[in-house]
Amino acid sequence: MNEKQIQSVQRRIFRTFKSWKDPHTDVALADSQQIQGVEISPEGEVQLAITPQRPHCPCCLFDLRDLREKISATKGVTAVKLQVIGVPASERWTRVLNP
């Protein structure tokens, strides 16, 4: 994947962030402080570092799972890995969200 294709995938992902609402607030994910970083490899692999709005909330976990599936379905994306940071037991959240 060349630089132009990576930028295209990046725009598609950020459009998803603009339309994705947190289950507890009416704020789009792009406008919140939850996204800590996004990396897209030349192979189309996306790594997303994110902090859930409410630690240990089951609906936040399900929402992140759905977000991962939505990003996986984005044209040009071959794999998605979520890394949960900034919450207690973040490694457990990360392990559960990435099959």
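Points worth noting:
- Computed over the chain, the per-residue total of -39500 (n - 2.57) for DSSP H runs of n ≥ 4 gives a 222 nm mean residue ellipticity of -13000 deg cm²/dmol, rounded to 500.
- Taking θ as phi - 60° and the Karplus parameters 6.51, -1.76 and 1.60, the scalar couplings of the stretch 24-29 work out to 9, 9, 9, 9, 5, 4 Hz in sequence order, x denoting glycine and proline.
- Amide N of the stretch 58-96 lying under 12 Å from the label point, which is placed 7 angstrom from the Cα of SER8 along Cα→Cβ: 75-77
- Across the chain, the fraction of Cα-Cα pairs farther apart than 18 Å, rounded to a whole number, is 43%.
- Computed 3J(HN,Hα) for the stretch 48-54, one whole-Hz value per residue from the Karplus formula 6.51 cos²θ - 1.76 cosθ + 1.60 where θ = phi - 60°, is 10, 9, 9, 10, x, 4, 10, glycine and proline marked x.
- LYS81-LYS21 pseudo-label distance in nm [points 7 Å out on the Cα-to-Cβ vector]: 3.3
- For the chain, the cysteines with no partner cysteine C-beta closer than 4.7 Å are CYS59.
- The stretch 50-99: relative contact order in percent, alpha carbon pairs under 8 Å with at least 6 residues between: 40
- For GLN36, nonlocal amide neighbours, meaning residues 5 or more places apart or on other chains whose placed amide H falls under 5 Å from its own, are ALA49, ILE50, THR51.
- Taking all Cα pairs closer than 8 Å and separated by 6 or more residues, the relative contact order of the chain comes to 26 percent.
- Spacing of the modelled spin labels on SER72 and THR51, each 7 Å from Cα toward Cβ, amounts to 2.7 nm.
- What separates the Cα centres of the stretch 36-75 and the stretch 2-19 is a distance of 14 Å.
- Listed residues GLN53, GLN83, MET1: farthest to the positive end of the dipole of the chain (Cβ charges): MET1
- Taking the Cα centre of the chain as origin and assigning +1 to Lys and Arg Cβ atoms and -1 to Asp and Glu Cβ atoms, the resulting dipole is close to 180 debye.
- Footprinting exposure proxy ranking of PHE14, PHE62, fewest other C-beta atoms within 10 angstrom first, gives PHE62, PHE14.
Laboratory data are not the source of any read-out in this text; all were calculated from the coordinates shown. Note that this is a predicted model, so its numbers are computed, not measured. FYI the Cβ positions are ideal-geometry reconstructions off the backbone, even for glycines, and counts take in every protein chain you see.
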